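Have a look at the structure below before the remarks.
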Amino acid sequence: MNGRPMPCRQQEIGTLFLFEKLAPDQIARLCRDGRVETFEPGPVYQEGDPATCFYVLLEGALVLSRRIGNLDVEVNRSSSRGVYAGAFQAYLGDRVEQVYNNSLRVVEPSRFFVLPAETFAAIMREWFPMAVHLLEGLFFGTKNTQEAVGQRERLLALGSLSAGLTHELNNPAAAAVRATSALRERVAGMRHKLGAIATGPYRRDSLEALIEVQERTAERVAKAAGNLSPLEASDREDALADWLEDQGIADGWQMAPTFVQAGLDTDWLDRVAAAVDEGALEGAVRWLSYTVETELLMNEIEDSTARISALVTAAKQYSQLDRAPYQVADVNELLDSTLLMLSGKIGPHITVVKEYDRTLPKIPAYPGELNQVWTNLIDNAVSAMRSMDTQGTLTVRTARDDGHLLVEFGDTGPGVPAEIRDRIFDPFFTTKPVGEGTGLGLDISWRIVVNKHHGDLRVRSVPGDTRFQVRLPLTSTDSNAPQEPS
Ligand SMILES: Nc1ncnc2c1ncn2[C@@H]1O[C@H](COP(=O)(O)OP(=O)(O)OP(=O)(O)O)[C@@H](O)[C@H]1O
Ligand SMILES: [Mg+2]
């Protein structure tokens, strides 16, 4: 143990604000049952240890920290005389686990008044019974609220995550399934064709020429960027269909759209015609149309599966499941993943405009919780705009703002009426019908932004232009803050 006993002077103890208005015999009891100790810089007690003592700072400087994940996060640093720490819930007895809920260390030689937990509890109950009743009510009341809030918080996150994801994954997954079964059909068709070719009258060198054309065609399909306007595409389709008809290829118009989609034109058909024997042209063109179709289908499968894997990456980024809770984060990236997760909820009647400052530095933050804030603010903006018939716009803006990073969510909804503006951040305040809103979204967001990130959350609102503004410190004052890897 680091502490060194010192004399306890009643006169000094009596001047602590905690012990104001106590009678001289009460101060005498404090000094008799308690003690004064000095500590050299270093730990005084550790989070999780049995809470045996209540500490009041007489002089020096202390730091309180809590373990979050595997990080020690500083929650308070003070050199104010009279600040206290330790077993301050001793009066709740065995209804709560009596362990220290944070760690105390001193950063310079410091002197404390130290009271054993049992004495502290006994004194509280004897001297201030009414205060103990009130504190009990407050403690258990807050605890219940926090449990409800915490559950709701997790549910909100899970709910929006799974709703957004299912919706978003559905399209590419269905497209990949469709393309795969079409591909299977085309490949079977090619196998049959190959059988016909093998038994056909083709010369070896014309087959070689065909295979050569096929290779070049596949290459062109891979590079084709479908950037023709609908008008250009239909012109080109007509030209291809005419060309095929001129060559006596029946149903040429059915193959034309596929060729156009692959970026092929009549010049390409001319080259095919030059490469193969005259009688074999139709067979060759049909064979190449299979090639083109399978290439296009494989492109489609590639796009859909790439989209699926991008969504899964975004879901991971959004949920921060396998990440450290406190780390250096790119806010624009967090916003992108949240918007992607919520895109199903945002719906087609709302236009999303991103005005990001791409030069923003990364900031130390709890990214999973910030995503929760964005989710709540976007959810509110979306439901405000849903109440109107017209198309709405959600503007997500990031900027640097006087030593802070600003994230602003603007909506074109009806706005927050002035008479409720100072109540919307209260827990359980909602204007939504029973069963729809719990009124916790802004309360949760406030706690995350203000309490956890030492930032600021404000609203400015007139009908048609409502902005919720989150300001986060660019750098942390926490000595445990994660640093950008250099
Ligand atoms: N963008 C907005 N435009 C208009 N009113 C808003 C907006 N955001 C919040 N409000 C008002 O603030 C109230 C409280 O918002 P809060 O997010 O805390 O709860 P909620 O959205 O009602 O419920 P939930 O717990 O589901 O989020 C809302 O009911 C609404 O009246
Ligand atoms: Mg809400």
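Brief remarks follow.
- Filter pass, THR390 being surrounded by fewer than 22 Cβ atoms within 10 Å (Cβ to Cβ) and in a strand (DSSP E or B): no
- Residue in the stretch 197-204 that is part of a helix (DSSP H, G or I), polar (S, T, N, Q) and modelled with pLDDT of 85 or more present: no
- Among the criteria (1) under 18 Å from ILE346 (Cβ atoms); (2) touching a Ser or Thr at 6+ places or on another chain (Cβ under 9 Å), the one PRO417 does not fulfil is (1).
- Failed condition for ALA418, given (1) more than 16 Å from ligand 2 (Cβ to nearest atom); (2) of a type in the set (Gly, Ala, Ser); (3) under 19 Å from the mean Cα position of the chain (by Cα): (3)
- For the stretch 340-370, a tally of residues being free of Cβ contacts under 8 Å to residues at least 60 places away in the same chain and within 16 Å of ligand 1 (Cβ to nearest atom) returns 7.
- One residue stands out among those in the stretch 58-77 that are surrounded by 14 or more Cβ atoms within 10 Å (Cβ to Cβ) and of a type in the set (Gly, Ala, Ser): the one that is nearest to VAL36 (Cα to Cα), which is GLY60.
- Of the residues making up the stretch 103-148, just one is surrounded by 13 or more Cβ atoms within 10 Å (Cβ to Cβ), among the small types (Gly, Ala, Ser), free of Cβ contacts under 8 Å to residues at least 60 places away in the same chain and more than 30 Å from PRO24 (Cβ to Cβ), namely ALA148.
- Pairs with Cβ under 7 Å, 6+ apart, first in the stretch 26-43 and assigned to a helix (DSSP H, G or I), second β-branched (Val, Ile, Thr): ILE27/ILE13; LEU30/ILE13; CYS31/ILE13; ASP33/THR119
- Residue count for the stretch 395-444, restricted to those that are more than 7 Å from ligand 1 (Cβ to nearest atom), of a type in the set (S, T, N, Q) and in contact with a helix residue (DSSP H, G or I) (Cβ under 7 Å, 6 or more places away or on another chain): 2
- Of all residues in the stretch 432-449, exactly one satisfies the criterion of being among the charged types (D, E, K, R), in a helix (DSSP H, G or I) and free of Cβ contacts under 8 Å to residues at least 24 places away in the same chain, namely ARG447.
- Subset of the stretch 428-459 (residues that are at pLDDT below 85, open to solvent by less than 80 Å² (accessible area, probe 1.4 Å) and either within 12 Å of ligand 2 (Cβ to nearest atom) or within 17 Å of GLU408 (Cβ to Cβ) (or both)): GLY437, THR438, GLY439, LEU440
- Selected residue (only one of ASP322, ASP303, ASP330 is touching a strand residue (DSSP E or B) at 6+ places or on another chain (Cβ under 9 Å) and surrounded by fewer than 20 Cβ atoms within 10 Å (Cβ to Cβ)): ASP330
- All positions within the stretch 105-120 that are acidic (Asp, Glu) and either closer than 11 Å to SER79 by Cα or under 42 Å from the mean Cα position of the chain (by Cα) (or both): GLU108
- Any hit, the stretch 35-46, residues being surrounded by 16 or more Cβ atoms within 10 Å (Cβ to Cβ) and within 30 Å of TYR366 (Cβ to Cβ): yes
- Qualifying residue in the stretch 60-78 (condition: within 26 Å of PRO5 (Cβ to Cβ), in a loop (DSSP other than H, G, I, E, B) and at pLDDT 90 or above): yes
- In this structure, GLY263 qualifies as at positive phi and surrounded by fewer than 20 Cβ atoms within 10 Å (Cβ to Cβ).
The values are calculated or read from the model by the stated rules, or taken from the named source; none is laboratory data. The model shown is predicted, which means the values in this text are computed figures rather than measured ones. Cβ sites come from the backbone with ideal geometry, for glycine too, and all protein chains shown count toward neighbours. Side chains included, ligands, DNA and RNA excluded: accessible areas come from the protein's heavy atoms. Shrake-Rupley method; radii C 1.70, N 1.55, O 1.52, S 1.80 Å.
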